[in-house]
Amino acid sequence: MAYRVGIVGVGPVGDRIYRVLKERSFPIEGRPVVMATRERTETLADEEVLVREVSEELFEGLDVVLFAGREGAKGASVQWGKVATDAGAWVIDNGSDFRMTEGYSLIVPEVNMDAVTPASKHICSPNCSTIQMVVAIAPIHRAVGIKRIVVSTYQATSGWGQAAMEEFDQQVQQYAAGEEIQWDPGIFDKPIVFDCLPRIDAFLEDGYTKEEMKMVDETRKIMGAPGMRITATTVRVPVVVGHSEAINLELEAPLSRKEALEILRDPAQSPGVTVIDDTENKKYPTQADCVLDQYKDNVLVGRVREDVSVENGLNLWCVSDNLRKGAATNTVQIAQGLVERGLL
Ligand SMILES: NC(=O)c1ccc[n+]([C@@H]2O[C@H](COP(=O)([O-])OP(=O)(O)OC[C@H]3O[C@@H](n4cnc5c(N)ncnc54)[C@H](OP(=O)(O)O)[C@@H]3O)[C@@H](O)[C@H]2O)c1
């Protein structure tokens, strides 16, 4: 059985979706129908691909459409999500527009694939920083229960799309050429090249940013824990690909470093997690590791230790490729999950 697949959006996430579908040999009938705001040829996953201007007719006959467009009223899933589901396709959406809307499932396959039902064919994939955190902490939650999460993130420029990656690259070139650093305050508030910027997405009235509240709200929805206490500080750092997170957990019961590592090292209890935690040999995961072939679809966990400041506290560090597990791989895994469950 093969499926007719559409992709909307050809930024870094659309590119990785095209690539991951190929790598995983997802059964596609013909070639994917690739759409963006205007027609042209693009190189995706090292292949010349015809990109079509998105239109209603292109959704006809598609079985599943993976959305990697921009968000908001003029964005891809608001404009075309319903067109796709009305045409009979499943939608798997990287954007944030419908993640918290009732009736739309929000899925990380390692954690809550069972929340998918045929009642809603529009499935949302969470924010990149949420995905890697829930993959790392869901096994601990299942084992002993989590009462409170305090998370700080260190997020790559690619998390804000192609334009942000290019701006960072330009600043690196300017620095190397001994030129004054230029930047577009529409993307980053300050030059990102030798700095860390503690604002991702818009500020809200209470001083949090939208990115921080995505981590709070989405984590509660995915983990089925509406009352879980969560607070986040999200920071953009001068890295191209890969997000890191320092996570502090307050647990319902004691869990030693040894017990936590046993849980996280067990693939049956902790699918998608790879532990790199060897203090003797100074081994821990970093953003440079998460893009390596052997790790690129996993969440790397290290620096696991009991929190000395609170009862039943645990600290850990996690790293993942925001464009792959944080976006493209997660959506392709959801599509694979639909096939496995006979829903597609
Ligand atoms: N980057 C990450 O780490 C990450 C992680 C998780 C989720 N996401 C989400 O994934 C989505 C894509 O991210 P990205 O970084 O690849 O973004 P990007 O670099 O801005 O690329 C967006 C793509 O979407 C297309 N597009 C925009 N509006 C459209 C519309 N109304 N109809 C059809 N196509 C439209 C654009 O078309 P043109 O090329 O023709 O302009 C472009 O190809 C975003 O919603 C983002 O929030 C990103």
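The values are calculated or read from the model by the stated rules, or taken from the named source; none is laboratory data. It should be emphasised that the depicted structure is a prediction, and the values quoted were computed from it without experimental measurement. For neighbour counting, all protein chains shown are included, and Cβ atoms are generated from backbone atoms with ideal geometry for every residue, glycine included. Remember, those area values only see protein heavy atoms, side chains included, never the ligands or the DNA or RNA. Shrake-Rupley method; radii C 1.70, N 1.55, O 1.52, S 1.80 Å.
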* Asked: Magnitude of the Cβ-charge dipole of the chain, K/R +1 and D/E -1, about the Cα centre, nearest 20 debye?
  -> 620
* Asked: Roughly speaking, to the nearest percent, how much of the chain's 1.4 Å accessible area is carbon and sulfur?
  -> 49
* Asked: Using alpha-carbon positions, what is the distance between the centroids of segment 78-145 and segment 292-338, in Å?
  -> 17
* Inter-label distance, nm, simple model (7 Å from Cα along the C-beta direction), Arg265/Glu311 -> 3.0
* Asked: With contacts defined as alpha carbon pairs under 8 Å and 6 or more residues apart, what's the relative contact order of the chain in percent?
  -> 18
* Structure fact -> Residues of segment 219-260 with backbone N under 16 Å of the label point set 7 Å from the Cα of Phe194 along Cα→Cβ are 238-239
* Asked: Per residue, what accessible area does segment 130-322 have, given a 1.4 Å probe and all protein chains present, in Å²?
  -> 47
* Asked: What residue among Ile17, Ile200, Ile107 shows peak mean-square fluctuation when the chain is described by a Gaussian network model with Cα springs under 10 Å?
  -> Ile200
* To do: Would you list, by chain and number, the lysines whose Cα falls below 19 Å from the Cα of Lys282, excluding same-chain residues fewer than 8 positions away?
  => Lys258
* Structure fact -> So, with points 7 Å from each Cα along the Cβ direction, the Ala288-Arg229 label distance in nm works out to 3.9
* Structure fact -> Sequence order, segment 65-73: Karplus ³J(HN,Hα) from phi using 6.51 cos²θ - 1.76 cosθ + 1.60, θ = phi - 60°, Hz rounded, Gly and Pro as x, gives 10, 9, 9, 9, x, 7, 9, x, 4
* Structure fact -> The answer for GluC sites (Glu not before Pro) in segment 150-192 that fall in a DSSP coil and have at most 13 neighbouring Cβ atoms within 10 Å is Glu179, Glu180
* Structure fact -> Expected unfolding gain across Thr279-Arg70 under the 0.36 nm per residue rule, minus the alpha-carbon gap, is 71.1 nm
* Taking the chain as a Gaussian network, where each spring joins two C-alpha atoms under 10 Å apart, which residue of Ala136, Ala328, Ala202 fluctuates the most? -> Ala202
* Would you kindly calculate the mean projected area, averaged across all directions, of the convex hull enclosing the Cα atoms of the chain, in square nanometres? => 18.6
* Rh by Kirkwood over Cα pairs, then Stokes-Einstein D for segment 1-136 at 1.002 mPa s and 20 °C, µm²/s -> 141
* Percent of alpha-carbon pairs separated by more than 24 Å within segment 130-322 -> 42
* Under 15 Å from the Asp114 label point (7 Å along Cα→beta-carbon), backbone N, segment 202-242 -> 222-225
